[in-house]
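Comments concern the structure below.
The values are calculated or read from the model by the stated rules, or taken from the named source; none is laboratory data. Please read these numbers as outputs of a predicted model, since none were measured by experiment. Here the Cβ positions follow ideal geometry from the backbone for every residue, glycine too, while neighbour counts run over all protein chains shown.
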2 protein chains.
Amino acid sequence: MNNNNIFIEKLRSAGLRPTKQRIKICKVLFDRKKTFHFTINYLKTLLQKKTDQKISQATVYNTINALTKKGHLKEISINCEKNYFDTNISSHHHFFNESTQELIDIDDSDIGKINIKKPLTGKKIKSIEILVKVANSN
Amino acid sequence: MNNNNIFIEKLRSAGLRPTKQRIKICKVLFDRKKTFHFTINYLKTLLQKKTDQKISQATVYNTINALTKKGHLKEISINCEKNYFDTNISSHHHFFNESTQELIDIDDSDIGKINIKKPLTGKKIKSIEILVKVANSN
DNA sequence: ACTCTAATTTAGAATCATTATAAATTAATA
DNA sequence: TATTAATTTATAATGATTCTAAATTAGAGT
């Protein structure tokens, strides 16, 4: 089976040439049922496993940065210990499980309305991000 | 005037020996009216300006990390572009002005109650952090 | 006050993630 | 197919942070 055309379209729509490296990266990122959270490091490992020819790390960085810039990925950071990316680009929030270092989506609709009582005047809100840090209760 | 005793107490209460380097750092951090947001880099610059003898960067990092670990500082990260620290350790949130890279406190009481409709079972919430990214509206 | 020891400071090296460089390769258009 | 602009690549450079090991210092005990 071949989803490549979907990825080619995705890349083209973002103004990126569909090279074989980028298509492979898209396959790892987007060819899955559930949304995917990853660090660049983990992605590099996955690519090495799933790929015959190696993809240089410069290409991985360039491609991920380009996809992020075009809005196909979302960047999330947890106190800079690790920089995660998320294939779920809808407006949503996160649990971060400190016990496992795992990141879990919280749907926007699963959080009640955020009421900012004193907005900054003369500024436009670009985004509201909530990070709920949790740990195993024991 | 001399607030040093206050800083010495603060350091001791955190189990840190009040060395002259640490006291100088405390002075820069805590001897102010308003809360203070800073990057390590900015702090190093300030210390260099306000100090006769230079403090090595290893000491700056060690001290800031120790104070953070003991809860005298709070760490905030904005997509890892920059890692900020905040002398305001009360439960609160932040505006981040993308136009100026400036970080502004939002008091906990200036945000309405956060309603997490589907909490994670078996996990304890450690913290909830809201980051409101804004930009100059023009 | 003096001695001793463990904590601390320090310069510099090491590490890690990320970005820049510049030459070789490739996609896509004519 | 030829051309050229984009892309990939290995490698070097950068920047932030941590490590190391030697020199210094704080503070407890004498």
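Descriptive notes on the structure:
- Candidates A:Lys113, A:Lys124, filtered to the one that is exposed (fewer than 13 other Cβ atoms within 10 Å of the Cβ) and outside the structural domain of A:Glu9 (by TED's automatic domain parsing): A:Lys113
- Number of the condition not met by A:Ile78 [criteria: (1) closer than 29 Å to B:Ile125 by Cα; (2) near DNA strand C (Cβ under 9 Å from one of its atoms); (3) within 13 Å of chain B (Cβ to nearest Cβ)]: (2)
- Check on B:Lys123, touching a helix residue (DSSP H, G or I) at 6+ places or on another chain (Cβ under 6 Å) and of a type in the set (Lys, Arg): no
- Near pairs, Cβ below 6 angstrom, 6+ apart or cross-chain, from the stretch B:31-58 (more than 14 Å from chain A (Cβ to nearest Cβ)) to any residue that is more than 10 Å from DNA strand C (Cβ to nearest atom) and assigned to a loop (DSSP other than H, G, I, E, B): B:Asp31/B:Asn3; B:Thr35/B:Thr87; B:Thr35/B:Asn88; B:Phe36/B:Thr87
- Filtered residues of the stretch A:81-101 (kept if in contact (Cβ under 8 Å) with a residue 40 or more places away in the chain and either of a type in the set (Lys, Arg) or more than 8 Å from chain B (Cβ to nearest Cβ) (or both)): A:Lys82, A:Tyr84, A:Phe85, A:Asp86, A:Thr87, A:Asn88
- Some residue of the stretch A:109-127 being β-branched (Val, Ile, Thr) and more than 11 Å from chain B (Cβ to nearest Cβ): no
- Some residue of the stretch B:19-38 being within 15 Å of DNA strand C (Cβ to nearest atom), loosely packed, with under 13 Cβ neighbours inside 10 Å, over 30 Å from B:Thr100 (Cα atoms) and at pLDDT below 90: no
- Tally of residues being outside any helix (DSSP H, G or I) and modelled with pLDDT of 90 or more across the stretch A:40-58: 2
- The stretch A:129-138, residues that are at the interface with chain B (Cβ under 8 Å from one of its Cβ atoms) and surrounded by fewer than 17 Cβ atoms within 10 Å (Cβ to Cβ): A:Ala135, A:Asn136, A:Ser137
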